[in-house]
Amino acid sequence: MRLYETEIASRLMLGTAQYPSPAVLTEAFRRSAAGIATVSVRREAGHERAGAAFWGLVRDLRVTLLPNTAGCHSVREAVTTAQMARELFDTPWIKLEVIGHADTLQPDPFGLVEAARILTDEGFQVFPYTTEDVVLAGRLLDAGCEVLMPWGAPIGTGLGLTNIYGLRTLRAQFPQVPMVVDAGLGLPSQAAMAMEMGFDAVLLNTAVAKAGDPARMAEGFARAVQAGRLAFEADPMEPRDMAAPSTPVIGMAFLE
Amino acid sequence: MKIMINGTPTETRAEMLDAVLEELGFGDAKVATAVNEDFVPASLRGQTALAPGDRVEIVTPRQGG
């Protein structure tokens, strides 16, 4: 899978938040074989050194880092956060979140496009966290985004793919654009479904971090993503309404 | 003078951003900074003078989804 100019072996991307311990996080990443980890930037007091400890932990994962602008509600906040993240993580990649609604954490489409344009003009490679809206997707591509990250469902809900029609339409509308279903997945079957629909990858966090056994769930998702991708590449059969016998009828005993 | 550091009112004797970081004990820690919501690259901290009431953000790498 190619994202901007980078070849990524795994189609599973994993967040680094909410794990019960650093050891569990590390084991979950190992079992997931994820190629990309999402990270963030947060305030720190001089004596804490929490950032340094976390930096050591993620560096040891030996995965590509994708910093986010999580929690930003305005274009200015998101742009400044992206600039700080680029310096801290030394990468032009940014998962751009501009949140427009407190309860659903739904992206603000207008702010998202504006921020995406500013950041691509500044040389960022933007991964916009967006909805399944095809018009918005087109605007984000016009703004210079080369990857889209449509939501499956609101962040942290585990509801899966809540608008299958919308996601299918989005996938069909821009077949050449790498798309990552980001957020809302709770179960491996939902990830498999996204991959069967032709999405290039999935990104999850809560579904793994909040599972009773995060490492085991991480491996479950890894296998589901592989299975779904294989199915997509294999060109699935067309569904039909009436039964069609799979066992040959010709040569049956007792047939007059 | 009194400035805001990560949302907290803080008294400082330093006048430049790099000196404020030094005073707060960041030393050579891996941080990124913003003043009054504008990003200040590490290379410009020594030339960035602060005024009373300025809002300074100091961030480090953290967990994210």
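Give me the residue from the stretch A:170-184 that is in contact with a helix residue (DSSP H, G or I) (Cβ under 6 Å, 6 or more places away or on another chain) and assigned to a helix (DSSP H, G or I) and, out of that set, least open to solvent (accessible area, probe 1.4 Å).
Of the residues in the stretch A:170-184, the ones in contact with a helix residue (DSSP H, G or I) (Cβ under 6 Å, 6 or more places away or on another chain) are A:170, A:173, A:181.
Filter once more, keeping what is assigned to a helix (DSSP H, G or I): A:170, A:173.
Working: A:LEU170: 1, A:GLN173: 107 Å².
If we take residues in the stretch A:170-184 being in contact with a helix residue (DSSP H, G or I) (Cβ under 6 Å, 6 or more places away or on another chain) and assigned to a helix (DSSP H, G or I), then A:LEU170 is least open to solvent (accessible area, probe 1.4 Å).
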Restricting the stretch B:35-62 to residues that are among the hydrophobic types (A, V, I, L, M, F, W, C) and over 21 Å from A:SER74 (Cα atoms), the one surrounded by the most Cβ atoms within 10 Å (Cβ to Cβ) turns out to be B:LEU50
Which of the numbered conditions does A:LEU96 fail, given that it passes all the others? Conditions: (1) crowded, with 24+ Cβ neighbours inside 10 Å; (2) without any contact (Cβ under 8 Å) to a residue 24 or more places away in the chain. (2)
Filter pass, A:GLU77 being among the acidic types (Asp, Glu), out of contact with any Cys (no Cβ under 6 Å at 6 or more places or on another chain), more than 11 Å from every other protein chain (Cβ to nearest Cβ) and not in a loop (DSSP other than H, G, I, E, B): no
Would you kindly identify the strands (runs of 3 or more DSSP E) lying entirely within chain B that contain at least 2 residues that are facing chain A (nearest Cβ under 7 Å) and among the β-branched types (Val, Ile, Thr)? B:55-63
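Check whether at least one residue in the stretch B:7-20 is closer than 30 Å to A:PRO22 by Cα, open to solvent by less than 30 Å² (accessible area, probe 1.4 Å) and at pLDDT 95 or above, and report yes or no. Please lay out each step first, then the result.
Step one: of the stretch B:7-20, the residues closer than 30 Å to A:PRO22 by Cα are B:7-8.
Those left that are additionally open to solvent by less than 30 Å² (accessible area, probe 1.4 Å): none.
Within the stretch B:7-20, not a single residue is closer than 30 Å to A:PRO22 by Cα, open to solvent by less than 30 Å² (accessible area, probe 1.4 Å) and at pLDDT 95 or above.
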Subset of the stretch A:12-56 [at the interface with another protein chain (Cβ under 9 Å from one of its Cβ atoms), assigned to a helix (DSSP H, G or I) and within 22 Å of the chain's Cα centre (by Cα)]: A:LEU25, A:PHE54, A:TRP55
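Take the stretch A:58-74 and flag every residue that is open to solvent by 20 Å² or more (accessible area, probe 1.4 Å), part of a loop (DSSP other than H, G, I, E, B) and more than 7 Å from chain B (Cβ to nearest Cβ).
Initial filter on the stretch A:58-74 (open to solvent by 20 Å² or more (accessible area, probe 1.4 Å)): A:59-65, A:70-71, A:73-74.
Subsequent filtering for residues that are part of a loop (DSSP other than H, G, I, E, B) retains A:62-63, A:70-71, A:73-74.
Correct list: A:ARG62, A:VAL63, A:GLY71, A:HIS73, A:SER74.
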Residues of the stretch A:14-25 being open to solvent by less than 60 Å² (accessible area, probe 1.4 Å) and touching a residue at least 24 places away in the same chain (Cβ under 8 Å), in sequence order, are A:LEU14, A:GLY15, A:THR16, A:ALA17, A:TYR19, A:VAL24, A:LEU25
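Just to check your reading of the model, which residue among A:ILE155, A:ILE118, A:ILE99 is of a type in the set (Val, Ile, Thr), out of contact with any Gly (no Cβ under 9 Å at 6 or more places or on another chain) and over 18 Å from A:GLY228 (Cα atoms)?
Numbers: A:ILE155 fails: out of contact with any Gly (no Cβ under 9 Å at 6 or more places or on another chain); A:ILE99 fails: out of contact with any Gly (no Cβ under 9 Å at 6 or more places or on another chain).
From the options A:ILE155, A:ILE118, A:ILE99, the qualifying one is A:ILE118.
The values are calculated or read from the model by the stated rules, or taken from the named source; none is laboratory data. Just so it is clear, the model here is predicted, and its values are computed rather than measured. As a convention, Cβ positions derive from the backbone with ideal geometry for all residues, glycine included, and neighbour counts pool all protein chains shown. Calculation scope for accessible area: heavy atoms of the full protein, side chains included, ligands and nucleic acids excluded. Shrake-Rupley method; radii C 1.70, N 1.55, O 1.52, S 1.80 Å.
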